[in-house]
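Notes for the one structure printed next.
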Amino acid sequence: IRISSIEPTTIPIKLIKKMAKTSKLCRHLHIPLQSGSNLILKLMKRKYSVEKFRDFIYKAYDTVPEICLGTDVIVGFPGETEKNFEETARYLNQWPMHYLHVFSYSQRHLAKSQKYPQTIDLRTISKRSRILRELSIRKRDLFYRSLIGTKQKVLFEQFKNGYWSGLTDNYARINVK
């Protein structure tokens, strides 16, 4: 069972402890942060703070051996200053996150955020997205390197061009002949 794309406030610590003790739960969590700025999280109407997110991530990381932690980040939300973005990038660099899904903010028809006055230009959004995508590549590479020499269970899903491809329970893509 893989747990993915759920709010950090909805995951009980009891579940994390169970994940550390059973092979039935994958050692992988994908939890959307969206922003490393409490101001932006408040504008997004998120029900958690940067501190609560950080505390949860470290609890999971410290409890479950070799857990893979991924997150979603929205870049360019109206009102996101350079300082807000730098906070997000700094936290994501420091925290034990192993990959990021980076999304550029785009207006939605009925979203309240479309009424916010401080829109971010597309060049800035593109630059910030590139910075976080590069960070994600480095962090994923470090995570994969940390698994070299370990034994992992793999669910092979596809045979293509002479290789079997699958995922470990901690979300590492494996290709073997």
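The values are calculated or read from the model by the stated rules, or taken from the named source; none is laboratory data. Here the structure is a predicted model, which is why all the values come from computation and not from measurement. Cβ coordinates were reconstructed from backbone atoms using ideal geometry, including for glycine residues, and neighbour counts include every protein chain displayed. Accessible surface is based on the protein model in full, side chains and every heavy atom, while ligands, DNA and RNA are left aside. Shrake-Rupley method; radii C 1.70, N 1.55, O 1.52, S 1.80 Å.
Calculate what fraction, in whole %, of the accessible area of segment 46-171 sits on carbon and sulfur atoms when a 1.4 Å probe is rolled over the protein chains.
The value for segment 46-171 is 53 percent carbon and sulfur by accessible area.
Size of the dipole of segment 1-124 about the Cα centre, Lys and Arg at +1 and Asp and Glu at -1 on the beta carbon, nothing else charged, in debye to 20?
Numbers: 20 positive and 11 negative charges, 131 e Å.
Computed charge dipole of segment 1-124: roughly 640 debye.
Which values, in whole Å and largest first, are the semi-axes of the equivalent ellipsoid of segment 1-138 obtained as the square root of 5 times each eigenvalue of the Cα gyration tensor?
On the way: eigenvalues 162, 49, 31 Å².
Three semi-axes, in Å: 28, 16, 12.
Using 0.36 nm per residue of separation minus the Cα-Cα distance, give me the extension gain between Leu155 and Glu51 in nm, one decimal.
Between Leu155 and Glu51, full extension yields 34.0 nm more.
Over the chain, give the accessible area per residue in Å² for a 1.4 Å probe, as an integer. Spell out each step's value before the answer.
Working: 10720 Å² over 177 residues.
Accessible area per residue, the chain: 61 Å².
With point charges of +1 on the Cβ of Lys and Arg and -1 on the Cβ of Asp and Glu, referenced to the Cα centre of the chain, which listed residue (Pro32, Ile74, Tyr91) lies farthest in the positive direction of the dipole?
So the residue furthest toward the plus end is Pro32.
Any number yet on Rg/Rh for segment 1-62, C-alpha, Kirkwood?
My calculation of the ratio gives 1.01.
Set the Förster radius R0 to 22 Å, insert the Cβ-Cβ distance between Asn93 and Ser5 as r into 1/(1 + (r/R0)^6), and round the FRET efficiency to 0.05.
Working: r = 22 Å, r/R0 = 1.01.
The calculated FRET efficiency here is 0.50.
Pairs Lys14/Lys45; Lys14/Lys139; Lys18/Lys127; Lys42/Lys127: which exceed 32 Å Cα-Cα?
Too far apart for the 32 Å limit: Lys18/Lys127.
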